[in-house]
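Visitor: Would you mind keeping the following structure in view while I ask a few things?
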Amino acid sequence: MKKPILQLYLIAAITSFLGSCSQNETVETDSKAQSQQFEIINVTHHDGRPFSTGTSNSSLTGKYVDNPGGGVMMQAFYWDVPSGGTWWNTVSSKVTAWSNAGIGSIWLPPASKAQNGAFSMGYDPTDYFDFGDYNQNGSIETRFGSKAELVSLITNAHTENLKVYADIVINHNSGGQSEANPFTGTNTWTNFGGVASGKFTRNYNDFYKNSYGNNDEGAFGGFPDLCHANPHVQDWLWLRADGVGKYYKNTMKFDGWRFDYVKGFGAWVVNSWNANVGGFSVGELWDSNVNVLNDWANNANSSVFDFACYYKMNDAFDGNNLALLNDDMMWKRNPYKAVTFVTNHDTDEIWSKLLAYSYILTHEGYPTIFYRDYEEWLDKSKLNNLIWIHNNKATGTTSILYSDNDEYVARRNGYNGNPGLVVYINNSDVWQERWVQTNWASTQIKDFTGNSSWYPTTQADKWVKIQCPPKGYSIWSVNQ
């Protein structure tokens, strides 16, 4: 999904084990001197992320290396980043610090020349092979900079062991010339025969409606709707060696893809792209229905943004009902195909952001940090702490230990020798304490956030009392 741009149109849009059934059991614990019942919910898919003994801030290299908890993605832009061709250099200046903090990948905005030239955020693509090196659509550089600056950014990111994901817009195009269209009986803006790169030229038969049909899953915003059923379009997008996908991957050195507005075309398109091009992929399927998300991810053979989790977090943290975190989400169905997030360039509804980040960075899925949250709006040291905890402690299956309106406690059960953690989130205005069952018998634990000064020792039966600050969180693991 994209926000408004400066032309006539609105642009808006809205690795694997399938999750198995939950297991419920009732146990008793003493909390606040009262005996209460609560439910343990085990999400029983396996955490098989590559295990490594490396740390997120390696003492040997200072660069990110994969860790037991997996990676963290940075969305390395926001809507209307400064124009003037400086953004690629801005991001490039930050990749070392991000890598040192434990970020494992960056997601860049659409990199090729779009209809609005130097003013475009890239979601109105004209020429997929103009990265800021042709005088086209009123500018040579894109809003973000030149091709040389983009190549330098990608090179620098790879030097810091960061993967780089390209935002790919293949539902629609913009900026074509007018031509007579026999399928509509009118003139349409579908003549892309004059793109400056000379690559992937298009005409009316490459867009719906055409000789292949009247439409696909969804046109968008009045833009010409690209027809993926046309072999010419398939060839240039993902089949030929010098086509978009393989050029981006093999020449530009992108490592993966964020597919924009995947509601607009069949899941088979992303599946075919992935099969022919390779690399990580995640789709923007703006839908809170976890069944829709899961079906698309399986059919596309791709990760998907966990909008189900996003909306549940918004209702839970801002609506004071943490019990909603018991509900189904994509990361519970299939953690290897779930990309979790708190904010992105299109939507920023959650107010209790640090609580939300403490949730996604301790739970399964592939968590994303939003640029402005990290660099401008939130406490970077707290986010860095959560990133470290995610990379080093957030392993294994998930058991929800307790939840009510104000409190939520969950346990990561550990994996391959890593002890896992217990996360306690408190949305009330006072300190809270609770007895919970850990994975550790007769073991001293501590709060790795530093929010609690307690160093309790678990009982022989693995129970222990922990605490959590008001409107805050604590994250407990073995004191080592």
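Visitor: Restricting the search to segment 93-112, which residues are part of a helix (DSSP H, G or I) and open to solvent by less than 20 Å² (accessible area, probe 1.4 Å)? Steps first, please.
Guide: If we filter segment 93-112 for residues that are part of a helix (DSSP H, G or I), which is where we start, we get 95-101.
Listed by number, the residues that qualify are V95, W98, S99, A101.
Visitor: Also: Conditions: (1) polar (S, T, N, Q); (2) in a loop (DSSP other than H, G, I, E, B); (3) over 21 Å from L325 (Cα atoms). N384 meets all but one. Number of the miss?
Guide: For N384, the failing item is (2).
Visitor: So which of Y359, Y336, Y310, Y261 ends up being surrounded by fewer than 23 Cβ atoms within 10 Å (Cβ to Cβ), touching a strand residue (DSSP E or B) at 6+ places or on another chain (Cβ under 9 Å) and of a type in the set (S, T, Y)? Talk me through it step by step, then tell me what you get.
Guide: On the way: Y359 fails: surrounded by fewer than 23 Cβ atoms within 10 Å (Cβ to Cβ); Y310 fails: surrounded by fewer than 23 Cβ atoms within 10 Å (Cβ to Cβ); Y261 fails: surrounded by fewer than 23 Cβ atoms within 10 Å (Cβ to Cβ).
Just a single option satisfies the conditions, and that option is Y336.
Visitor: Give the residue that is least open to solvent (accessible area, probe 1.4 Å), with candidates limited to residues of segment 214-230 that are small (G, A, S) and closer than 13 Å to F265 by Cα.
Guide: Narrowing segment 214-230 to residues small (G, A, S): 218-219, 221-222, 229.
Next, only the ones that are closer than 13 Å to F265 by Cα stay: 218-219, 229.
Values: G218: 11, A219: 72, A229: 41 Å².
Residue satisfying both the conditions and the ranking: G218.
Visitor: Continuing with this model, one more query. If I ask for residues that are over 14 Å from P335 (Cα atoms), in a helix (DSSP H, G or I) and open to solvent by 10 Å² or more (accessible area, probe 1.4 Å), which ones from segment 265-290 would you list?
Guide: Within segment 265-290, A267, W268, N271, S272, N274, A275, N276, V277 qualify.
Visitor: Of everything in segment 198-213 that's open to solvent by less than 20 Å² (accessible area, probe 1.4 Å) and aromatic (F, W, Y), which residue is nearest to W268 (Cα to Cα)?
Guide: Checking each candidate, the answer is F207.
Visitor: On to the next question. Can you confirm whether segment 376-388 contains a residue that is in contact with a Lys or Arg (Cβ under 8 Å, 6 or more places away or on another chain) and either under 30 Å from M74 (Cα atoms) or not β-branched (V, I, T) (or both)?
Guide: Just the residues of segment 376-388 that are in contact with a Lys or Arg (Cβ under 8 Å, 6 or more places away or on another chain), to begin with: 377-378.
Okay, now just the ones that are also either under 30 Å from M74 (Cα atoms) or not β-branched (V, I, T) (or both), so 377-378.
Yes, segment 376-388 contains a residue that is in contact with a Lys or Arg (Cβ under 8 Å, 6 or more places away or on another chain) and either under 30 Å from M74 (Cα atoms) or not β-branched (V, I, T) (or both).
Visitor: Pairs needed: first member in segment 340-352, of a type in the set (D, E); second member anywhere, open to solvent by 10 Å² or more (accessible area, probe 1.4 Å); C-beta distance under 6 Å; at least 6 residues apart or different chains.
Guide: D346/M1; E349/N314
Visitor: Working only within segment 113-147, note down all residues that are open to solvent by 10 Å² or more (accessible area, probe 1.4 Å), in contact with a Pro (Cβ under 9 Å, 6 or more places away or on another chain) and either among the small types (G, A, S) or farther than 22 Å from G243 by Cα (or both).
Guide: Answer for segment 113-147, where residues must be open to solvent by 10 Å² or more (accessible area, probe 1.4 Å), in contact with a Pro (Cβ under 9 Å, 6 or more places away or on another chain) and either among the small types (G, A, S) or farther than 22 Å from G243 by Cα (or both): just R143.
Visitor: When the residues of segment 185-197 are filtered to those that are out of contact with any Phe, Trp or Tyr (no Cβ under 8 Å at 6 or more places or on another chain) and either under 27 Å from F131 (Cβ atoms) or among the hydroxyl-bearing types (S, T, Y) (or both), which remaining residue is surrounded by the fewest Cβ atoms within 10 Å (Cβ to Cβ)? It would help to see each step written out before you state the result.
Guide: Initial filter on segment 185-197 (out of contact with any Phe, Trp or Tyr (no Cβ under 8 Å at 6 or more places or on another chain)): 185-187, 189, 193-194.
Applying the additional criterion that residues be either under 27 Å from F131 (Cβ atoms) or among the hydroxyl-bearing types (S, T, Y) (or both) yields 186, 189, 193-194.
Numbers: T186: 9, W189: 19, G193: 12, G194: 11.
Looking at the filtered set, the residue picked out is T186.
Visitor: Residue under question is L401, and the condition is that it be more than 19 Å from the chain's Cα centre (by Cα), under 27 Å from V290 (Cα atoms) and open to solvent by less than 10 Å² (accessible area, probe 1.4 Å); does it hold? First the steps, then the outcome.
Guide: On the way: more than 19 Å from the chain's Cα centre (by Cα): yes; under 27 Å from V290 (Cα atoms): yes; open to solvent by less than 10 Å² (accessible area, probe 1.4 Å): yes.
Taking the combined requirement at face value, the residue satisfies it.
Rundown of residues vs (1) on the phi > 0 side of the Ramachandran plot; (2) open to solvent by less than 10 Å² (accessible area, probe 1.4 Å); (3) outside any helix (DSSP H, G or I), yes/no style:
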site: N344; (1), (2), (3): no, no, yes
site: W351; (1), (2), (3): no, no, yes
site: N392; (1), (2), (3): no, no, no
site: T395; (1), (2), (3): no, yes, yes
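Visitor: Determine whether D242 is acidic (D, E), in contact with a helix residue (DSSP H, G or I) (Cβ under 7 Å, 6 or more places away or on another chain) and farther than 17 Å from K113 by Cβ.
Guide: When the stated conditions are applied, D242 does not pass them.
Visitor: Ok, one more. Examine segment 372-388 for a residue that is over 30 Å from P82 (Cβ atoms), surrounded by fewer than 19 Cβ atoms within 10 Å (Cβ to Cβ) and under 19 Å from the mean Cα position of the chain (by Cα), and state whether such a residue exists.
Guide: no
Visitor: Mind listing just one residue for me: the one in segment 151-183 that is of a type outside the set (A, V, I, L, M), over 30 Å from N214 (Cα atoms) and buried (at least 17 other Cβ atoms within 10 Å of the Cβ) and, of those, farthest from the chain's Cα centre (by Cα)?
Guide: N156
Visitor: In segment 441-480, what count of residues is obtained for those that are part of a strand (DSSP E or B), under 17 Å from S403 (Cα atoms) and open to solvent by 70 Å² or more (accessible area, probe 1.4 Å)?
Guide: Here the count works out to 0.
Visitor: Which of the residues belonging to segment 122-144 are among the polar types (S, T, N, Q), under 30 Å from the mean Cα position of the chain (by Cα) and closer than 19 Å to N191 by Cα? Steps first, please.
Guide: In the first step, residues of segment 122-144 are kept if they are among the polar types (S, T, N, Q); the result is 126, 135-137, 139, 142.
Those left that are additionally under 30 Å from the mean Cα position of the chain (by Cα): 126, 142.
Correct list: T126 only.
The values are calculated or read from the model by the stated rules, or taken from the named source; none is laboratory data. Predicted, not measured: the structure shown is a model, and the values here were computed from it. Reconstructed Cβ throughout: ideal geometry from the backbone, glycine too, with neighbour counts over all protein chains shown. These area figures cover heavy atoms from the full protein model, side chains too; ligands, DNA and RNA do not enter into them. Shrake-Rupley method; radii C 1.70, N 1.55, O 1.52, S 1.80 Å.
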